[in-house]
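> So that we are looking at the same thing, I have put the structure below in structure tokens.
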Amino acid sequence: MPKPPNFLFLHSDEHSFRFLSSRPADRGGEPCRTPTLDGLAAQGTAFDNAYCQMPLCTPSRISMLTGRHSHRCAAWSNMSVLDPELPTFGSHLRREGYATSTIGKMHIGGSAQYAGFGDRPYGDFGGPCSHQWDPLSHPEGGRGGSEIRSRTVDAGVSEIPEGLLQENVVAREAVSWIREHRHANPETPWLCYTSFSRPHFPLTAPKRFFDRYYPEGVTPPRVGPTGDSADHPMTAGAVKGFRTEEVGDEEGLKARAAYFAAVDFLDEILGDFLALLDRDGSLDNTVIVYTADHGEMCGEHGLWWKNTWHEASSHVPMIISTPEHRRGDIDASLVTVPVSLADCFPTLCGLAGVSVPEGLDGVDLSPAVRGSACKALTDRPGVIAESLAGRWGEGTEFRMLRSERYKYIAFRGCDDLAFDMESDPDEQVNLLKDPNPEISAELTRMRKTIHDDFSFETAPAEMERRSTELIERYPRKVTPKTPNQIWLGNGKLVEADAPLYDPTVLSEDASSDFTR
């Protein structure tokens, strides 16, 4: 009987689908450099149209871990708590005999910080979500690169020593965990979920990457503040909430250059990480998964950041590379039928050969990964993304359905939108503005699917109630002062980033204090 595969889950933050150099410009790609991720796609199955359940960090992560729509797992906001009674792919595979660990950003509140995984050596234990404030020269007491205006104003070269950057620590801790596990339990399969901060803001990267794109080499946003949704309440709310009208042209280009640089830097980190594991033989029987929790608007439609239905915000990369792909037993493939991050949980189960828990909204994509027909993929009407917190007022709560050709977005309190993603991938022409009888029936079916077993009148209130209940039931037990914490060998949890933000200063001008 074949040995169950191991799983290495590579999770990034705020990585738009456009930023893979394997995606050509005629399919919406941007001119970044991602040879590591391109290599995984060339030796795996790339899902061309993957969508998050909610384009915001915490809700997306809770939804992905539990395989459920965000309103079905109380994934309401960045304050939401993962209900420990819900299975995650970490807890489920652990029950099925896997050794499991999570390393890096989790961004889930409350006291149940392990999300069902067995080990957690390093990450954001209830703290400010792992993103290291940068630049360090930001005014004292400020969180450089995280405050709204600092995010673009201070974009550029990182001031944090590269070896202390979160991505490097995640990779090194993951290599250590895998090596220790293989030493102690060589016959036990493992799942290592690694979560990297970049390319999420602060928009900074080492100088060699930033210099690739600024001042020469960066492209302007491919989609301007145009089209039928430019004055929609959702768009207007995001512009006001994120203050994007204050971002000037040059500031925007510099911030885009920094985002390009952050993508390239992450790809280099992943390349080094995989090379170490490959040298050890740790990838011989390991399925590698890469995806992101949501995208990044990066100036498109006059917007920055996320939490909208637009492609750059909700559409993410997703690649699954199996040992069979890398041995040449299965050909690489590109799946264009829309999929969701909720599919990750049942797909891991399918690849591991274990049962799928009841109640999941995702489907098992393992047949498609292996190059076979996948009935569950083709039978459903599309995939759902939603945002029900209404953070920018009336008209900003939405539920979206993406089918093979169309995208339909239903709103609470304002008019719906629909786009033909085949002829109008930049979402400029609202199909509902001048209805076409030839496609009206299809759009009507999509609207019905969105509202089946769902109500804007009841779902948001129930979701907020459950989220508040979980926050009260599982209060966080530690209050970190810096973004990341690490377990010491003696069992203590300490601030990993203290040297950056609460340093013991030995010299104010070290360059003049020591003989060179």
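Just so it is clear, none of the values below were taken in a lab; they were calculated from the coordinates. In this text, all values refer to a predicted model and were calculated from it rather than measured experimentally. Methodologically, a virtual Cβ is constructed for each residue, glycine included, from the backbone with ideal geometry; neighbour enumeration extends over all protein chains shown.
> Based on the mean of other beta carbon atoms within 10 Å per residue, what is the order of 259-268, 503-512, 317-326, most packed first?
Put in order of decreasing packing, that is 259-268, 317-326, 503-512.
> Sticking with this structure for a sec: Charges on Cβ only, +1 for Lys and Arg, -1 for Asp and Glu, centred on the Cα centroid of the range 252-321; of Val289, Ser313, Leu276, which one is farthest towards the dipole's positive end?
The Cα lying farthest towards the positive end belongs to Ser313.
> Quote the charge dipole size of the range 399-511 about the Cα centre in Debye, to the nearest 20; the model charges only the Cβ of Lys and Arg (+1) and of Asp and Glu (-1).
That gives the range 399-511 a dipole magnitude of about 660 debye.
> If you don't mind, there's one more thing I want to ask. Please express the shape of the range 178-256 as an equivalent ellipsoid: the semi-axes are the square roots of 5 times the eigenvalues of the C-alpha gyration tensor, given largest first in whole angstrom.
Output for the range 178-256: semi-axes of 40, 21, 11 Å.
> Assuming 0.890 mPa s and 25 °C, estimate D for the range 95-155 with Stokes-Einstein, Rh taken as the Kirkwood radius over Cα pairs, in µm²/s.
181
> Which helices count as membrane-span-like in the chain under these terms: full DSSP H, at least 30 Å along the axis by C-alpha, Kyte-Doolittle mean of 0.0 or more?
In the chain, the long hydrophobic H runs are 249-280.
> What is the chain's relative contact order, in percent, from Cα pairs under 8 angstrom and six or more apart in sequence?
Result for the chain is 24 percent.
> How big is the range 268-380 along each principal axis, measuring the range of its Cα positions in Å and listing the largest first?
Sorted from largest, the Cα extents of the range 268-380 read 46, 38, 25 Å.
> What area, in nm² and to one decimal, does the C-alpha convex hull of the range 397-516 cast on average over all directions?
Spelled out: convex hull of the Cα atoms, projected over all directions, averaged, 16.7 nm².
> Can you compute the charge dipole magnitude of the chain about its Cα centre, using +1 on each Lys and Arg Cβ and -1 on each Asp and Glu Cβ, nothing else charged? Give it in debye, rounded to the nearest 20.
Computed charge dipole of the chain: roughly 1140 debye.
> For the chain, what number of Lys pairs, 8 or more residues apart or on separate chains, have alpha-carbon atoms under 25 Å from each other?
Number of lysine pairs found: 19.
> For Rg and Dmax of the Cα atoms in Å, pick the label among [x] 22.1, 80; [y] 29.1, 118; [z] 25.5, 89 that corresponds to the value derived from the coordinates.
Working out Rg and Dmax of the Cα atoms in Å from the coordinates points to [x].
> Whose amide H sits under 5 Å from the amide H of His315, counting only residues 5 or more places off or on another chain, with H placed in the peptide plane?
Amide H to amide H, under 5 Å and 5 or more residues apart or across chains, His315 pairs with Phe17, Gly295.
> Can you find, among Ala174, Pro221, Ser423, the residue sitting farthest towards the positive end of the charge dipole of the chain, where Lys and Arg contribute +1 and Asp and Glu -1 at Cβ?
About the Cα centre, the residue reaching furthest to the positive side is Ala174.
> Give me Thr226, Thr468 sorted ascending by neighbouring Cβ count inside 10 Å, so fewest comes first.
So the residues, fewest neighbours to most, are Thr226, Thr468.
> Which order do Arg208, Arg61 fall in if you start with the one that has the fewest other Cβ atoms within 10 Å?
Arg208, Arg61
> Now for a separate question. Could you list Trp304, Trp190 in order of exposure, starting from the residue whose Cβ has the fewest other Cβ atoms within 10 Å?
Trp190, Trp304
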